[in-house]
1. If you rank Cys91, Cys113 by how much accessible surface each has, with a 1.4 Å probe, what is the order from largest down?
2. Where in region 106-126 does the amide nitrogen come within less than 18 Å of the point 7 Å from the Cα of His84, taken along Cα to Cβ?
3. Which length gain, in nm to one decimal place, applies between Arg127 and Lys53 when the Cα-Cα distance is subtracted from 0.36 nm times their residue separation?
4. Counting only protein heavy atoms, what percent of the accessible surface of region 113-179 is carbon or sulfur at a 1.4 Å probe?
5. Quick check: from the Cα gyration tensor, does region 146-188 come out rounded (a/c under 1.5), prolate or oblate?
6. What whole-number value in Å² describes the accessible area per residue of region 68-188 for a 1.4 Å probe?
7. Which entries of Lys144/Lys168; Lys123/Lys172; Lys123/Lys144; Lys144/Lys172 have Cα-Cα distances beyond 18 Å here?
8. Please compute the Kirkwood hydrodynamic radius over region 50-175, one decimal place, Å, based on all pairs of different Cα atoms.
Amino acid sequence: MAAPFGKFCPRLSSRLSPSFQAERCTTPKVSACLCSQQATSPSAEGVRTDPLKPAQPEFVESREDFKWVERLIPRHQIPPIPEHPNYPTPCGWVPPRDPPPDLPYSVRRSRFCHIPVYQRFRKGGSRKQTVIAHIEGDIWALEKELEEFLPAIIGRNPAIQVNEVARKIVVKGLVMEEVKKWLLEKGF
């Protein structure tokens, strides 16, 4: 591989025509200097004449082989919800109610069509939390309804933290299954 052009031949870096560079080049004829090589070598068709311009890669466009690439490209939209003969399915999945419930808030499903209620363990597993995500609309109305619903299950007033920016509600304690059933009953 040749060294940088400016180091051996100052004329090459000036982007002058190859014939002019061959006439004016004062660099000793070494393999790194391309002035003499360009002046003596005939320029064939398709061969690049300017060493500073990169060569264009050759490629073949094949529409038949593109089917293998299409499988790897991610989909731009979420696939439609599958139809089943009866609900809940064997895994316990239930579709959202159509039309959605008329409430000031909504809990959007995850991209796999699941209710976005998760368990979270902090401080080495000593702090157990339930997180409700993907909340849209009036997040404070959902928090008030949770404060009315959860004391019957837990037996005390729950500690609830509302994160308006992330659109999440964090409940102290593991009540994931109860909150999922409650959201399914509401139609989400």
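1. Cys91, Cys113
2. Correct set: 109-117.
3. Between Arg127 and Lys53, full extension yields 20.4 nm more.
4. The C+S portion of the solvent-accessible surface of region 113-179 is 48 percent.
5. Here region 146-188 falls in the oblate category.
6. Computed with neighbouring chains in place, this is 70 Å² per residue.
7. Pairs exceeding the cut-off: Lys123/Lys144.
8. Evaluated on region 50-175, it is 19.2 Å.
The values are calculated or read from the model by the stated rules, or taken from the named source; none is laboratory data. Computed from a prediction, not measured in an experiment: that's the story for all the values here. All Cβ positions, glycine included, derive from the backbone under ideal geometry; neighbour counts span all protein chains shown. For accessibility, only protein heavy atoms count, side chains too; no ligands or nucleic acids. Shrake-Rupley method; radii C 1.70, N 1.55, O 1.52, S 1.80 Å.
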